[in-house]
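All remarks here apply to the structure that follows.
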Amino acid sequence: MGSNESAKETIKSVADIVDVIGQFVQLRKAGQNYIGLCPFHTEKEPSFTVSPAKQMFHCFGCKKGGDLFAFWMEYHGTTFPEAVKELAARYNVSVSEGVSSSEEKRKAEYRKAVFKVNELACRFFQKVLLEEAEGNPARKYLEGRALSVGTIEKFRLGYAPDSWDRFTRFLGKDSWRLKMAAVAGLLVEREGGGFYDRFRKRVIFPIVNLRDQVVGFGGRVLDASLPKYLNTPESPVFHKGTLLYGLNYAFDAIRKTGSALVVEGYMDVLALHDHEIPEAVATLGTALTDAHVRRLKGYAPEAVVIFDSDEAGKKAALKSLPLFMNEGLKGRAVVLPGDHDPDSFVNAQGASSLRDLIRKAGSLFDFHVEMNLSGMDGSVEAKSAVIKEVLPVLGRLRNVSQQSLYVRRLSERIGVKENFLWVELKNLQRGTTGGSEIQGLSERLAKPAVEKRFSRDLHFLNLLIHYPEAAQGLRNLPWQVLLSDASIIEIGEVFFQHYGPGGFSSMEDLTSGLASEKAREQLREGLLLPSFYSDQTVDLAIEEFERKIHQLHLSRSIQKAREQGDLEGINRLLKEKAEGLAQGIGH
Ligand SMILES: [Zn+2]
């Protein structure tokens, strides 16, 4: 066993999967399991399921699943050795350097090197800001923005001096390190060879992930020159569309207050933290994406978005409503008065004024409708423009009571009859196809399922999982004739191969024996469903399976005999069939 494998076992013995996943996804109890909104695909009704008993997760929507390492790798985008290492650190399990495939190793090493050079750069920029004469202009600038030293240090702000190669020279001659600094986006390669500094004459905002690693940087100019902000380009560890600035510090406060605060800029996050409003995060100079919203909804049931009052701010507000609705995260909107942004507002009016605005903030939906109506003259054209904008968003809502509530509100606000809106909505929906999403998962998981909904394949699988001893009765029969799903046949084969007198040591043995991903998915789903049988009914069920196997087997044999023109065989088999039927009646 490699050291990664032994560390894996130790971690599994101390870390609970509900605890690990619960830090990133809001889970609630449903029967034996926990369910929540899947962090890996867009959904408004939970199909993401975590089983404490089996220490696994599975999403009935996108079919992602596995153990806690699989979750860690998928959620944080790490390799297996990294996941082991990080979870080991969290649970105080010691782990020696792991043995892993060379491809995994290379990837992990690459990322490790990027993190390392980022950390080095972060310290370099910090030192320039706090200690060097070159940092003077930035220190003055930050003083002017009224940021406390505590916040500057906590967020590890720095300064990239006014030079083309100050940081390049700092890195020295080590060519691997220079190369990694270029991969990290800190250096830019010159056409004629060599490198120069990407960040120059800018205040530096390190961007830190939830694992306290510096993944990239934002740099802001001190004057009015352009571009005002410069970010690390996409790198092996930096993905703008999913990262939120300040989340590593805001995380706890967001969980505690049940509400995230989304602002536009780095300085806004810092100013709010400075004024003890720690649940603020910002996008990295991009519009809010569905990945951002999906991430936030793992931590809190609602998010309040603070928009700047300028045109760009309004446009951003309009675009964000569908994201919130699609992801099922409750959204509220604050628009600041005058020309304020959160930074200037909180400095001018104080934290309690901002808290007031946040408390009173209306829903993003109302805000959306008002925005669309503002500047319009209440004409028929204006109204139909609003309907055109808002109805498609409502049409995608799967929560019917929520939908009717919004339709009513829209009808009241714009003075168009509800009936008319419903007709329009139905017309819209007719044009689109509804996905095959799973309804009422929580009920399904909580209560023993109604058998009729499941095929014979699923019944067979259910029997193997919940009554593996009893299922041994089928071992020597041609049970395959029962099934139409190849992945369940695969599970059955591995099951009968590996199931010994003492049973399985764990379901993991079964999982690792499966070759196809489809079969592993099926098994995870099967493991999460409650038993269709009870101790009283299982024997009867086995008998029924045996009878069905026999019957199907006979029919197939008869068919084969017919195809081969084997008259004698046909007669014998038909006789057998008739006897079987007579016996069946006699029972
Ligand atoms: Zn999913």
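G580 versus (1) surrounded by 11 or more Cβ atoms within 10 Å (Cβ to Cβ); (2) of a type outside the set (A, V, I, L, M); (3) over 20 Å from E469 (Cα atoms); (4) at pLDDT 80 or above: which is the lone unmet condition? Among (1) surrounded by 11 or more Cβ atoms within 10 Å (Cβ to Cβ); (2) of a type outside the set (A, V, I, L, M); (3) over 20 Å from E469 (Cα atoms); (4) at pLDDT 80 or above, the lone unmet condition for G580 is (4). Among the residues making up segment 43-102, those that are acidic (D, E) and assigned to a helix (DSSP H, G or I) are E74, E82, E86. Checking each residue in segment 148-178 for being closer than 26 Å to Y196 by Cβ and among the aliphatic types (A, V, I, L, M) picks out L157, A160, L171, L178. Within segment 270-300, can you find the residues that are open to solvent by less than 10 Å² (accessible area, probe 1.4 Å) and touching a residue at least 60 places away in the same chain (Cβ under 8 Å)? L270, A271, L272, I277, A280, L284, G298, Y299, A300 - these are the residues of segment 270-300 that are open to solvent by less than 10 Å² (accessible area, probe 1.4 Å) and touching a residue at least 60 places away in the same chain (Cβ under 8 Å). Whether any residue in segment 449-458 is buried (at least 16 other Cβ atoms within 10 Å of the Cβ) and either modelled with pLDDT of 85 or more or assigned to a helix (DSSP H, G or I) (or both) is what I want to check. Yes: one or more hits. Taken over segment 385-417, residues that are open to solvent by less than 60 Å² (accessible area, probe 1.4 Å) and in a helix (DSSP H, G or I) amount to 16. Restricting segment 57-76 to residues that are without any contact (Cβ under 8 Å) to a residue 24 or more places away in the chain and more than 12 Å from the ligand (Cβ to nearest atom), the residue that is most open to solvent (accessible area, probe 1.4 Å) is M73.
The one condition from (1) closer than 12 Å to N118 by Cβ; (2) open to solvent by 20 Å² or more (accessible area, probe 1.4 Å) that I204 does not meet is (2). Looking across segment 499-517, the residues that are at pLDDT 75 or above, in a helix (DSSP H, G or I) and open to solvent by 50 Å² or more (accessible area, probe 1.4 Å) come down to S512, E517. Considering segment 131-147, the residues that are within 38 Å of the chain's Cα centre (by Cα) and either without any contact (Cβ under 8 Å) to a residue 60 or more places away in the chain or outside any helix (DSSP H, G or I) (or both) include one that is farthest from D197 (Cα to Cα), namely A146.
Considering segment 77-103, and only residues there that are more than 18 Å from A15 (Cα to Cα) and surrounded by fewer than 16 Cβ atoms within 10 Å (Cβ to Cβ), the residue that is modelled with the highest pLDDT turns out to be G77. With respect to the conditions (1) under 18 Å from D457 (Cβ atoms); (2) surrounded by fewer than 18 Cβ atoms within 10 Å (Cβ to Cβ), L554 falls short on a single one, namely (1). Residues that are surrounded by 15 or more Cβ atoms within 10 Å (Cβ to Cβ), out of contact with any Gly (no Cβ under 9 Å at 6 or more places or on another chain) and without any contact (Cβ under 8 Å) to a residue 12 or more places away in the chain: does segment 170-183 have at least one? Yes, some residue in segment 170-183 is surrounded by 15 or more Cβ atoms within 10 Å (Cβ to Cβ), out of contact with any Gly (no Cβ under 9 Å at 6 or more places or on another chain) and without any contact (Cβ under 8 Å) to a residue 12 or more places away in the chain.
Matching residues to (1) part of a helix (DSSP H, G or I); (2) open to solvent by less than 30 Å² (accessible area, probe 1.4 Å); (3) modelled with pLDDT under 85:
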| residue | (1), (2), (3) |
| --- | --- |
| N462 | yes, yes, no |
| L477 | no, no, no |
| Q480 | yes, no, no |
| S487 | yes, yes, no |
| G492 | yes, yes, no |
| Q497 | yes, no, yes |
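Considered as a group, the residues in segment 313-344 that are more than 24 Å from H273 (Cα to Cα) and of a type in the set (A, V, I, L, M, F, W, C) include one that is farthest from the chain's Cα centre (by Cα), and that residue is L318. Among the residues of segment 1-51, those identified as open to solvent by 10 Å² or more (accessible area, probe 1.4 Å), within 16 Å of the ligand (Cβ to nearest atom) and without any contact (Cβ under 8 Å) to a residue 40 or more places away in the chain are L27, Y34, F40, H41. With respect to the conditions (1) buried (at least 19 other Cβ atoms within 10 Å of the Cβ); (2) over 21 Å from L270 (Cβ atoms); (3) at pLDDT below 95, L186 lacks only one, and its number is (3). S94 meets each of the listed conditions (1) more than 16 Å from the ligand (Cβ to nearest atom); (2) within 24 Å of Y299 (Cα to Cα) apart from (2). Within segment 253-268, can one find any residue that is open to solvent by 20 Å² or more (accessible area, probe 1.4 Å) and under 13 Å from D341 (Cβ atoms)? Yes, the conditions are met somewhere in segment 253-268.
Residues in segment 523-551 that are loosely packed, with under 13 Cβ neighbours inside 10 Å and in a helix (DSSP H, G or I): 3 in all. When the residues of segment 363-377 are narrowed to those that are part of a helix (DSSP H, G or I) and hydrophobic (A, V, I, L, M, F, W, C), which ends up farthest from L147 (Cα to Cα)? Once the filter is applied, the top-ranked residue is L373.
The values are calculated or read from the model by the stated rules, or taken from the named source; none is laboratory data. Treat the numbers as computed from the prediction; the structure is a model and nothing was measured. In this analysis, Cβ positions are derived from the backbone assuming ideal geometry, glycine residues included, and neighbour counts consider all displayed protein chains. To get the accessible areas, we keep the full protein, side chains included, count just its heavy atoms, and leave off ligands, DNA and RNA. Shrake-Rupley method; radii C 1.70, N 1.55, O 1.52, S 1.80 Å.
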